Amino acid sequence: EYIESLVLPNGAVGYDVPKVNASFDQANLPTVDGVKPEEYTKWACPKVVPYFSAFAVLGIMAAGYENAKDITLNYINWYISSMNTAESDVNGVAGTVYDYYVFVSPEGDKAVQVSYIDIYGDKTRNYDSTDSYASTFMQILSAYTQKYDSTFLNDKKDLLETLKNVIYSTYCKNVSLTGAKPDYMVCYLMDNCEVYAGFRDLSVLFPEYKEDAEKFLNGIKSSLYCGDGYYYPAVFENGKTAYTIDDKTSFDFYPHGTSQLFPITFGILDPNSDEAK
């Protein structure tokens, strides 16, 4: 019910409860669909970070929430409509989705979407990642198809290939992993577990993606596993670890500790195995 309360008129799922934010510089903001910034900046506006929205949507489907089908389909349509072209993406990659603020009119019938780049005037404020956004959206598409509509993806192979190309836009052959995004090429354990799961879920519907899933599974096992049941939280393109694990009994909660859950959560490790325990 809380997640449903975060659903916006355009189908996006907000990161937080909408509230008015008075800190925006109206002079730098665009007019959107005829609505001027001096008007919409007075409206309540949650952030929309597709990475977190994805887990909210996956969660309500998994929980069998009564309105999950409609919420998910509306979110799918929002995500597709928000995908960048190669020309509009700051890194020249078609199929990416920016982080946004979505301003909602007091009547709740209008939504004005403005990217972080426009808000902050900083091209590095684009998306948290490209590999995770695309792969978690793959998981949503697969789950929706398997749960609600078995033919949903049959006419959407171009969409799936676009998402695949987003993931491979940061592929690092040396470690067989993806970097987080083109302007931040660190290969995270968390992201690559999600990439593996995205292709694994798609391969249930379309077996041609099984090879991709196996590629990233092998990359995780060979480039991120550091022994004794632990994984490096991230490595660079050359394979050098981005975070050291010197004392396995007292490493940081994030990313060291939290990242260890991802191989279990996303099926790299059997939850009942000694290694997982």
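The values are calculated or read from the model by the stated rules, or taken from the named source; none is laboratory data. Just so it is clear, the structure is predicted and the values come from calculations on it, not from any experiment. Please note: Cβ atoms are built from the backbone with ideal geometry, for glycine as well, and neighbour counts cover all protein chains shown. Note: areas computed on protein heavy atoms with side chains; ligands, DNA, RNA excluded. Shrake-Rupley method; radii C 1.70, N 1.55, O 1.52, S 1.80 Å.
One table, with the values for the structure above:
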{"quantity": "Test: Val112 is over 28 Å from Asn165 (Cα atoms), among the aliphatic types (A, V, I, L, M) and either open to solvent by 20 Å² or more (accessible area, probe 1.4 Å) or in contact with a Leu (Cβ under 8 Å, 6 or more places away or on another chain) (or both)", "calculated": "no"}
{"quantity": "Within the range 155-180, tally of residues that are part of a helix (DSSP H, G or I) and not hydroxyl-bearing (Ser, Thr, Tyr)", "calculated": "10"}
{"quantity": "Which numbered condition Ser176 misses (of (1) closer than 30 Å to Leu217 by Cβ; (2) open to solvent by 50 Å² or more (accessible area, probe 1.4 Å); (3) of a type in the set (S, T, N, Q))", "calculated": "(2)"}
{"quantity": "Top-ranked residue in the range 130-154 [being in contact with an Asp or Glu (Cβ under 6 Å, 6 or more places away or on another chain) and of a type in the set (Gly, Ala, Ser); ranked as farthest from Cys193 (Cα to Cα)]", "calculated": "Ser142"}
{"quantity": "Flag if Glu107 is closer than 16 Å to Ala213 by Cβ, of a type in the set (D, E, K, R) and either surrounded by fewer than 21 Cβ atoms within 10 Å (Cβ to Cβ) or modelled with pLDDT of 95 or more (or both)", "calculated": "no"}
{"quantity": "Pairs with Cβ under 9 Å, 6+ apart, first in the range 128-151 and open to solvent by 10 Å² or more (accessible area, probe 1.4 Å), second assigned to a helix (DSSP H, G or I) and among the aromatic types (Phe, Trp, Tyr)", "calculated": "Asp128/Tyr51; Asp128/Phe52"}
{"quantity": "Any hit, the range 152-159, residues being aromatic (Phe, Trp, Tyr), closer than 21 Å to Thr96 by Cβ and modelled with pLDDT of 95 or more", "calculated": "no"}
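Rundown of residues vs (1) open to solvent by less than 20 Å² (accessible area, probe 1.4 Å); (2) not basic (Lys, Arg), yes/no style:
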{"position": "Val7", "(1), (2)": "no, yes"}
{"position": "Ala12", "(1), (2)": "yes, yes"}
{"position": "Lys19", "(1), (2)": "no, no"}
{"position": "Gln26", "(1), (2)": "no, yes"}
{"position": "Val32", "(1), (2)": "no, yes"}
{"position": "Lys36", "(1), (2)": "no, no"}
{"position": "Phe55", "(1), (2)": "no, yes"}
{"position": "Ser88", "(1), (2)": "no, yes"}
{"position": "Asp99", "(1), (2)": "yes, yes"}
